[in-house]
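Read through the structure below, which is laid out as structure tokens, and then see the notes.
Bear in mind these aren't lab numbers, they're just calculated from the coordinates by the rules spelled out. This structure is a prediction, so every number in the text was calculated from the model and none was measured. Positions of Cβ are generated from backbone atoms using ideal geometry, with glycine treated the same way; all protein chains shown enter the neighbour counts.
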Amino acid sequence: MAVPAADSPSCFPSLDILSTTGYDTIIHHLNNGRKNCKEFEDFLKERASIEEKYGKDLLSLSRKKPCGQSEIK
């Protein structure tokens with residue numbers, strides 16, 4: 001079902017008192033927003049996991065292969 005844009009004149013003004021057109025439009029947009037937020041949350045969680053692993057790997061590498069330690073003394 002095609003949902004009209006929220007700023008469309010056919011969205012909210014209605015002579016039919018039982019019309020749910022405006023309500024349906026708002027619910028559609030809210031559900032899309034909820035879905036988008038969930039997708040973004042999942043993206044950020046996965047990115048944080050990748051960055052945490054990357055940081056641990058860099059730390060591990062720096063402990064295994066010290067570079068330039070002889071120049072510090």
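Roughly what would the spin-label model give for ILE17 and GLU51, points 7 Å off Cα along C-beta, in nm?
5.5
Less than 30 Å apart at the alpha-carbon level, and either on another chain or at least 8 residues along: which lysines does that give for LYS64?
LYS45, LYS53, LYS56, LYS73
Hey, what do the phi angles of segment 58-63 turn into as Karplus ³J(HN,Hα) couplings, whole Hz, using 6.51/-1.76/1.60 and θ = phi - 60°, x for Gly and Pro?
5, 4, 4, 4, 5, 7
Which ³J(HN,Hα) values, rounded to whole Hz and listed in residue order, are derived for segment 26-31 from phi using the Karplus coefficients 6.51, -1.76 and 1.60 in 6.51 cos²θ - 1.76 cosθ + 1.60 with θ = phi - 60°, glycine and proline given as x?
Ordered by residue, 3J(HN,Hα) equals 5, 4, 4, 5, 5, 5 Hz.
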